[in-house]
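See structure below.
Every number in this text was worked out from the coordinates using simple rules, so none of it is lab data. All figures in this text were calculated on a predicted structure; none of them were measured in a lab. Using ideal geometry, Cβ is built from the backbone for each residue, glycine included, and neighbour counts are taken over all protein chains shown.
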Amino acid sequence: MSLAQLAAFANRLQKMYKHNHKWARRQNISCFRVYDCDIPQFPFSVDVYEDCVYVAEYKTSYPMTDSDHREWLRQCILIVSEILEVPKERVFLKKRQQQKGAEQYTKTSNRAVKWMAREGGLRFVVNLSDYLDTGLFLDHRQTRQMVKDEAADKRVLNLFAYTGAFTVYAAAGGAKSTTTIDLSKTYIEWAKDNMNLNGFTTDNHQFLQTDVLQYLAKPPAGVMFDLVILDPPTFSNSKRMFEVLDVQRDHVMLLNQALAITARGGVVYFSTNYRRFKMQTDDLHASVIKDITAQTIPPDFRDKRIHQCFRLVK
């Protein structure tokens with residue numbers, strides 16, 4: 001990797017940081033994306049989390065030996081540290097590869113470097129060291145606000161809830177009740193911590209550590225919801241799951257099961273980060289299906305295919 005190429009990366013990073021930092025400050029946002037694989041030879045995403053930086057390295061076809069790659073990474077992290085004015089010990093690097101099932105949630109370290117991130121006037125615990133993902137997906141910032149805006153007096157169900165960020169937003173929007181479901185005990189406890197951090201500690205906020213597929217197949221009798229968030233993994237074959245999940249193959253079934261426990265006029269938000277996803281609408285039991293992807297991609301994300309998002313009305 002030549003000095004000229006490293007300089008090009010530094011210049012692009014500086015330009016994007018200057019632009020996005022000004023935008024974020026105006027919007028009172030403290031966690032945002034700076035760089036989004038802008039230069040092919042530097043396949044990184046660079047995210048600011050308060051006073052820390054999270055760098056994800058994606059697979060590159062640029063030929064390098066192992067020793068050259070280590071030196072290249074060292075120089076890139078040094079550039080990130082200097083331009084974003086963050087000490088190197090607060091720059092966290094993870095290597096991202098194509099994940100299967102729950103692998104993206106598998107623990108990769110035990111350093112437990114936790115930080116409190118602020119977003120939308122709310123607070124969230126993020127872990128910058130131990131997992132591929134930090135606990136707060138920045139690309140769904142807009143979607144979370146949508147949920148908050150229509151959560152007042154609603155019974156809210158958050159499926160595949162991860163660390164419960166959507167639940168926190170729903171509670172902040174005045175939800176009558178929330179039910180948060182995830183298979184992982186770690187993430188259910190994390191969701192509870194996020195709710196407690198924001199003062200949502202009453203009994204009308206329920207947390208279930210269970211298989212979403214089993215829950216939807218046999219939901220509790222008489223339970224109905226007004227607002228449902230459904231953000232499943234692309235593919236999962238976890239041994240603890242009732243069956244294998246494939247979002248492209250199974251999304252119609254999942255959505256119809258979610259709609260079955262949604263009150264008439266209620267709303268289901270459905271999202272997926274599967275890049276080749278094609279929504280099949282013919283057999284869905286919804287009166288309105290709207291693709292809201294464009295409205296849910298934040299301005300700091302240059303990759304407009306980061307996710308797809310739909311709003312369904314029962």
message: Whole percent per 20 Å bin, from 0 to the bin with the longest distance: what is P(r) over all C-alpha pairs of the chain?
response: 31, 57, 12, 0
message: Straight-line reach from K176: which aspartates and glutamates fall under 13 Å, measuring Cα to Cα and dropping same-chain residues less than 8 apart?
response: E150, D153, D203, D226
message: Can you give me the distance in nm between label points at S287 and M224, each placed 7 Å from the Cα along the Cα-to-Cβ direction?
response: 1.3 nm
message: If I stretch the segment between Q27 and V313 completely, what's the gain in nm (0.36 nm per residue apart, minus their alpha carbon distance), one decimal?
response: 100.0 nm
- prompt: Treating the beta-carbon of each Lys and Arg as +1 and of each Asp and Glu as -1, no other charges, what is the dipole magnitude of the chain about its Cα centre, to the nearest 20 debye?
  reply: 300 debye
- request: Could you work out how far helix 3-26 tilts from the main Cα principal axis of the chain, as a 0 to 90 degree angle to the nearest 10?
  value: 40 degrees
message: Compute the helix-to-body angle for 247-260: its Cα long axis versus the longest principal axis of the chain, expressed 0 to 90° and rounded to tens.
response: 40 degrees
task: Give the calculated FRET efficiency between E150 and D203 to the nearest 0.05, with a Förster radius of 35 Å applied to their Cβ-Cβ distance.
output: 0.90
message: Using a 10 Å cut-off around each Cβ, can you sort V244, V126 from fewest to most neighbouring Cβ atoms?
response: V244, V126
task: Enter the angle in degrees (range 0 to 90, nearest 10) between the Cα long axis of helix 185-197 and the first principal axis of the Cα atoms of the chain, meaning the one along which they spread out most.
output: 90 degrees
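Can you give the calculated 222 nm mean residue ellipticity of the chain, where each DSSP H run of n ≥ 4 adds -39,500 (n - 2.57) and the sum is split over every residue, rounded to the nearest 500 deg cm²/dmol?
-9500 deg cm²/dmol
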